[in-house]
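The values are calculated or read from the model by the stated rules, or taken from the named source; none is laboratory data. Treat the numbers as computed from the prediction; the structure is a model and nothing was measured. Neighbour counts are summed over all protein chains in view; Cβ atoms, including those assigned to glycine, are modelled from backbone coordinates with ideal geometry. In case anyone asks, the SASA skips ligands and DNA or RNA and just uses the protein heavy atoms, side chains included. Shrake-Rupley method; radii C 1.70, N 1.55, O 1.52, S 1.80 Å.
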Amino acid sequence: MTQSQTNGGDGAGAIAMAEPPLNNEIIMFNRSLSTSSCLSKEDEEMTRTALSAFRAKESEIEKRKLEVRERVQAQLGRVEEETRRLATIREELESLADPMRKEVLIVRKKIDSVYKELKPLSYSVQKKQREYKEAVDAFNEKNLEKIQLITKLMDLAGESENLRLKKLEDLSKSI
């Protein structure tokens, strides 16, 4: 048997099985059998049995070919239906994407304009932060000196208190 591919115009190729050339040979064989008288009844019976078996096999092959064709056609139908469904979904998505693209572009433009406005502010904030840090550092430096002075004064006050207490003790012992 040979296979050939046909195109039904729908873009999907279908496989068609060519008829076997055996039918012509069988007909020729039958004619030769009927014309020849030298075959015995057993030979004729065997030939009929073989011919019957061959025709049964041929019928079975034909049924299988039809079943395969039906399955292929059903699959093609499902594929075409799915292709149409996917095309519809693609069209819907594309129609949704267009307004969204416009909205995204608008949002991006707004973000860019806000960024342009914020950029100089960012520089001024950074400058103010540096100035503030410098002022805090200067303040802390001055306060550190004051804290050190206060600590020294407290130490001196503590020493003078200790001296005063010692003098009081000395005076009270002497009395």
Exercise for the section: Answer with yes or no whether D98 is in a helix (DSSP H, G or I) and either open to solvent by less than 80 Å² (accessible area, probe 1.4 Å) or touching a helix residue (DSSP H, G or I) at 6+ places or on another chain (Cβ under 6 Å) (or both). Expected result: yes
Problem - Answer from E80, E70 - the residue that is in a helix (DSSP H, G or I), surrounded by 10 or more Cβ atoms within 10 Å (Cβ to Cβ), within 45 Å of the chain's Cα centre (by Cα) and touching a residue at least 60 places away in the same chain (Cβ under 8 Å) - result: E80
